[in-house]
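This report refers to the structure that appears directly beneath it.
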Amino acid sequence: MDNDWTERSLKAVWHPCTQMKSHEEVPLLALARGSGAYLYDHQGKSYLDSISSWWTNLFGHANPSINQAIKDQLDTLEHVMLAGVTHEPVIVLSERLSTLTNHQLGHAFYASDGASAVEIALKMSFHYWRNHGKSEKNQFICLQNSYHGETLGALSVTDIPIFTDAYSVLTRQPIIVPSPDFRLAKPGQSEDEHTSYCLQELEQLLQSNQALIAAMIIEPMVQCATGMAMYSAQYLKGLRALCDQYHIHLIADEIAVGCGRTGKFFACEHANIWPDLMTLSKGISGGYLPLSVVLCTDHIYDAFYADSSQKAFLHSHSFAGNPLACRAALASLDIYKQEHYLSKNLILAQQLNKAFEWTSQDHRIEHVRQLGTILAFDVKKDFIAQRFSQIFFSIGLDKGLLIRPIGNTVYVMPPYILNEEQTQFLGATVQTTLEATLAS
Ligand SMILES: Cc1ncc(COP(=O)(O)O)c(C=O)c1O
C-alpha cells in the first residue's frame with residue numbers, strides 16, 4: 001500500500017526543494033495521518049516531527065482546538081475576497097496582532113505564503129518612498145547567507161547560491177552585508193567584536209548609499225534556512241539605530257522565528273526593538289493553512305492614505321485574509337496565551353538543552369547553539385561524507401524521526417507540545433542517527 005502511494009506520488013507530484021532523481025535512493029515517506037507531535041505512515045509507524053513540518057506546526061497535528069475552530073468557520077463563511085468586503089476573523093486577527101506589537105505595527109496586509117509576504121514588504125517599502133517623491137530609493141540590503149523565500153522577488157533578497165544561482169538573470173541583485181552569525185567571526189575575534197565589525201561595515205555602506213536604499217531585510221536573531229545561524233541582539237539594536245539615522249526601513253522577516261519560537265513572541269523583542277515592517281507566516285496559522293501577513297507602522301500606512309489611487313498599495317491576492325486561515329490563527333493565538341506557552345516554551349528549551357547535553361562531549365561536533373526551541377549543531381566537515389544530510393534523513397526515518405539537516409548543520413525545531421519523554425527520545429535518537437550516519 002505504502003509503495004503504491006510513493007510510486008504514484010513520484011509519477012504525478014513534483015516535490016519541492018528536491019532533485020526528483022534522488023528518490024531513486026532516498027525514501028519518499030507516504031503519510032496517512034498526523035496526531036500531536038507524530039506523523040503516521042500507512043503501516044501505522046510513527047515519526048516524531050522534530051522540525052514541525054518545515055517550522056510551521058506549533059501545537060501538534062490534528063490539534064483539537066484548531067480543528068474545532070476551522071470546522072466552526074467552515075459552516076459559517078469559508079472564503080470571501082477582501083477587497084470591498086471584510087469579516088470578523090480577519091478583523092479580530094489584525095487587532096490581536098496589533099496588540100501583540102503594543103500597537104507599534106497596527107496595520108495588517110494579508111497573503112498566503114511567506115515569499116509573497118516578503119515581496120509585499122519590499123513593494124510597500126519602495127512605494128512608501130515613491131509616495132514621498134523618492135523613487136530613487138529602490139534598492140534592498142540583505143544579510144550574507146540570508147534566505148527570504150523563492151519567488152523571484154524574494155530571491156532578490158536571498159543569498160544562498162543553491163536557490164539563487166540558476167535564476168540570477170531573472171532577479172535583481174541585493175546589496176549584501178556581512179552576517180553577524182557568530183560562527184563567521186575571524187579567528188581571535190569575540191562575538192561582540194564580530195557584531196561591531198558587521199555594524200561598521202553596514203554603516204559605511206549607508207553613509208555613501210542611503211539615498212538609493214529603501215530598506216534592509218533581516219531575520220531577527222536566527223538566520224534559519226542558512227543553517228540556524230544565530231547572532232546577538234546587540235546587532236538588532238545597532239541595526240535599528242542605523243536604519244533610523246540613515247532613513248531606511250527595517251523589515252523583520254519573522255516568518256520562521258516569530259510566534260514564540262525563540263522564547264519571545266516576536267524575535268525582535270530580544271532586542272526591544274520594533275521594525276517598520278514585519279512579515280509573519282508558517283506558525284501564524286498553527287501550521288494548518290497557508291496564511292501570511294505583513295504588519296506595518298502608522299507612519300508607513302499613512303503614506304498610502306490619499307485621494308489618488310496611484311498612491312494606494314496595489315497588491316491583490318485572491319485568498320488574502322481567508323476566514324478559515326484567520327480562524328486557525330486565532331485558535332493558535334488562544335492556545336499560546338491561554339495555555340501559557342511563553343513560559344512552557346522556556347521549560348521545553350531547558351529540556352531540549354538537557355537532551356542534547358551529549359553534543360558538548362562529541363569531538364566531531366562544533367558550534368552547538370540554541371535559542372528558545374531551536375537547537376542546532378554543526379558536524380565538522382572532516383567527518384562527513386557526501387550526501388550526509390540525505391543519509392541522516394533516511395536513517396532518522398528508520399528510527400522514527402522526521403529530521404532534515406541543512407548541509408552539515410543538524411537542528412531540531414519541534415512543536416511546542418513536546419513532553420519531556422518525547423524530548424529525551426529526540427535527543428537520544430538524533431545521537432544514534434548521527435552515529436549510524438557517520439559510520440555508513
Ligand atoms: C525566513 C523565511 N522567510 C521566508 C520564507 C518563505 O516562506 P514560504 O516558504 O511560505 O514562501 C521562509 C521559508 O522557509 C523563511 O524561513
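Derivation of every value follows stated rules applied to the coordinates shown; laboratory data play no part. Predicted model, so just to flag it, every value in this text is computed and none were measured. Ideal geometry is used to build each Cβ from the backbone, glycine not excepted, and the neighbour counts take in all protein chains shown.
Quick one: if the Förster radius is 35 Å, what FRET efficiency do Gln431 and Thr76 give, using the C-beta to C-beta distance and rounding to 0.05?
0.15
Collect residues whose amide H, placed 1.01 Å from N in the peptide plane, falls under 5 Å from the amide H of His61; neighbours closer than 5 in sequence don't count.
For His61, whose amide H was placed from the backbone, the distant partners under 5 Å are Ser35, Gly36, Ala37, Tyr38.
Considering amide H positions built from the backbone, and no H for Pro or chain starts, which residues 5 or more places from His249, or on another chain, come under 5 Å of its amide H?
Ala215, Met216
How many angstrom lie between the Cα centre of region 252-267 and the Cα centre of region 187-207?
Using only Cα atoms to place each centre, the spacing works out to 24 Å.
Efficiency by 1/(1 + (r/R0)^6): what FRET value for Ser135 and Gln43, r their Cβ-Cβ distance, R0 = 45 Å, to the nearest 0.05?
Using R0 = 45 Å, I get an efficiency of 0.15.
State the Cα centre-to-centre distance between region 148-172 and region 369-389 in whole Å.
Distance between centres, Cα-based: 24 Å.
Taking a quarter of the surface of the convex hull around the Cα atoms of region 100-176, what do you get in nm²?
6.3 nm²
One quarter of the convex hull surface, Cα atoms only: what value does that give for region 67-338 in nm²?
Its average projected convex-hull area is 14.9 nm².
Each residue of region 88-103 in turn: what ³J(HN,Hα) in whole Hz from Karplus with 6.51, -1.76, 1.60 and θ = phi - 60°, glycine and Pro shown as x?
4, x, 6, 5, 5, 4, 4, 5, 5, 5, 4, 4, 4, 9, 6, 6
Could you order peptides 335-343, 93-101 by the average number of other Cβ atoms within 10 Å of their residues, highest first?
Those peptides, ordered most packed to least, come out 93-101, 335-343.
For a Förster distance of 25 Å, can you work out the FRET efficiency between the beta-carbons of Ser343 and Gln234, rounded to the nearest 0.05?
So the FRET efficiency works out to roughly 0.45.
Using only DSSP helix segments of four residues or longer, with each worth -39500 (n - 2.57), what per-residue ellipticity at 222 nm results for the chain after dividing by its residue count and rounding to 500?
-11500 deg cm²/dmol
Could you name the lysines in cross-link range of Lys311, using Cα to Cα under 17 Å and dropping any fewer than eight places away on the same chain?
Straight-distance partners of Lys311: Lys123, Lys134, Lys137.
Please list, or write none, the lysines whose alpha carbon is within less than 23 Å of the alpha carbon of Lys264, excluding same-chain residues fewer than 8 places away.
Of all the lysines, those that pass the test against Lys264 - Cα under 23 Å, at least 8 places apart if same chain - are Lys237, Lys282, Lys337, Lys344, Lys354.
Give me P(r) over region 389-440, computed from all C-alpha to C-alpha distances, binned every 5 Å, as integer percentages.
Percent of pairs per bin, in order: 4, 21, 33, 25, 12, 4, 1.
Order these by the 10 Å Cβ neighbour count, fewest first: Val169, Val379, Val257, Val26.
Ordered by Cβ neighbours within 10 Å, fewest first: Val169, Val26, Val379, Val257.
Once phi is turned into ³J(HN,Hα) by the Karplus curve 6.51 cos²θ - 1.76 cosθ + 1.60 with θ = phi - 60°, what whole-Hz value does each residue of region 169-180 show in order, with x for glycine and proline?
5, 9, 10, 7, 8, x, 8, 9, 10, x, 7, x
What does DSSP give for the chain in terms of the percent of beta bridges that are antiparallel, rounded to the nearest 5?
Here the antiparallel bridges make up roughly 65 percent for the chain.
For a test of the definition: using alpha carbon positions, the gyration tensor, and the 1.5 limit on a/c, classify region 232-364 as rounded, prolate or oblate.
In terms of gyration-tensor shape, oblate.
Just to check I understand the Karplus step: with θ = phi - 60° and J = 6.51 cos²θ - 1.76 cosθ + 1.60, what whole-Hz values come out for region 214-226, glycine and proline as x?
Karplus-based 3J(HN,Hα) across region 214-226 equals 7, 7, 10, 10, 9, 9, x, 6, 9, 8, 5, 5, 5 Hz.
Under the rule of at least 5 residues apart or a separate chain, name every residue whose amide H is placed under 5 Å from the amide H of Ala32.
For Ala32, whose amide H was placed from the backbone, the distant partners under 5 Å are Tyr40, Asp41, His42.
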